[in-house]
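Below is one structure, written out as structure tokens; comments come after it.
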Amino acid sequence: MRRGRSGKTTARQPERRYVALHKPRGVLCDWVDPEGTGRPTLADLLPVRGLEPAGRLDRESEGLLLLSDDGDLLHRLTHPQYEHPKVYWALVEGAPDAAALEALRRGVVVKGRRTREAEVALLPAAEQPAPAEPGTAGPATWLRIVLREGRKRQIRHMTAAVGHPTLRLIRVALGPIALGDLAPGQWRYLQEEELAALARMLGQGGD
């Protein structure tokens, strides 16, 4: 508690909370299963309540999820006008040729609207998760994709449009925040240097 200028005792403003979570496959980006069928949710992984995710990952996608109770930060991270980079590793069916990779880079038409230009490259073997995808039939290729927009199931629609459906999708970074060595289901609070880097990216000051 502290005293305001009037001399009255006022409640101290609670500190904002910023969390990085490695969302596993099969977990909903909700605190409660909206269908009430008992599917795993954020509540099964994260004991910190009152947080909202900065963007979503669909149920079958995995990787970095940022959560906070800082509404301004959530808005600036998710609003399309800011175009913050999001980095994904996508395992796709087959072996995309140069033409398919270039089409992904230039943008493909998804539901009547062309996606923005993206960074797309083969993911070096040393960085690829193992195992790639248990039970995958036939060849598959890991891609590193950087988007600056966030349409629903965008990468899955993009890779399907060029004939290489996505088998597995992992978000490994959002702006300056990286998934790092967080194991599936693990979470941590962001560090001061990460918050400073976010502030710089969002134009909120910092060195």
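Read the figures in this text as sums done on the coordinates, not as results from a lab. As the structure is a computational prediction, the values presented were derived from the model and not from experiment. Cβ: placed from backbone, ideal geometry, glycine included. Neighbour counts: every protein chain shown.
Worth a mention:
- Between 16, 106, 148, the residue with the greatest mean-square fluctuation in the GNM of the chain (Cα pairs under 10 Å linked by springs) is 16.
- Gain on full extension, evaluated as 0.36 nm per residue between residue 196 and residue 106 minus their Cα-Cα distance, stands at 29.2 nm.
- Amide H contacts of residue 60: 26, each under 5 Å away and 5 or more positions distant or on a separate chain (H built 1.01 Å from N in the peptide plane; Pro and chain starts excluded).
- Of the residues 179, 122, 91, the one that moves most in a GNM of the chain with alpha-carbon contacts below 10 Å is 122.
- GNM top mover of 90, 121, 130 - the chain, alpha-carbon springs below 10 Å: 130
- Computed over the range 82-177, the Cα gyration tensor eigenvalues convert (square root of 5λ each) into semi-axes of 20, 17, 11 Å, ordered from largest to smallest.
- Reported label for calculated Rg and Dmax of the Cα atoms in Å given (1) 16.1, 47; (2) 17.8, 56; (3) 19.3, 73: (3)
- Extension gain (nm, one decimal) between residue 151 and residue 15, 0.36 nm per residue minus Cα-Cα: 45.8 nm
- Under a 5 Å amide H cut-off, with hydrogens placed 1.01 Å from N, residue 167 pairs with 91, 92, 93 among residues at least 5 apart or on other chains.
- Counting lysine pairs in the chain whose alpha carbons fall under 20 angstrom apart, excluding pairs fewer than 8 residues apart on the same chain, gives 4.
- Backbone phi angles across the range 160-166, fed through the Karplus curve with coefficients 6.51, -1.76 and 1.60 (θ = phi - 60°), yield HN-Hα couplings of 5, 5, 9, x, 9, x, 7 Hz in residue order; Gly and Pro are listed as x.
- Ellipticity estimate at 222 nm from DSSP helix runs (n ≥ 4, -39,500 (n - 2.57)) divided over the chain, nearest 500: -4500 deg cm²/dmol
- Charge dipole of the chain (Cα centre as origin; +1 on each Lys and Arg Cβ, -1 on each Asp and Glu Cβ, all else neutral): 840 debye, rounded to the nearest 20.
- Phi-derived couplings, Karplus 6.51 cos²θ - 1.76 cosθ + 1.60 at θ = phi - 60°, listed residue by residue for the range 69-74: 9, 8, x, 5, 5, 4 Hz, with x used for Gly and Pro.
- Amide H partners (placed H, <5 Å) of residue 110, local residues excluded: 115
- Estimated FRET transfer efficiency when R0 is 35 angstrom, pair residue 25-residue 99 (beta carbons, to 0.05): 0.70
- Phi-derived couplings, Karplus 6.51 cos²θ - 1.76 cosθ + 1.60 at θ = phi - 60°, listed residue by residue for the range 62-68: 9, x, 5, 10, 9, 10, 7 Hz, with x used for Gly and Pro.
- Segment residue 178-residue 83, extension gain: residue separation times 0.36 nm, minus the distance between their alpha carbons: 32.5 nm
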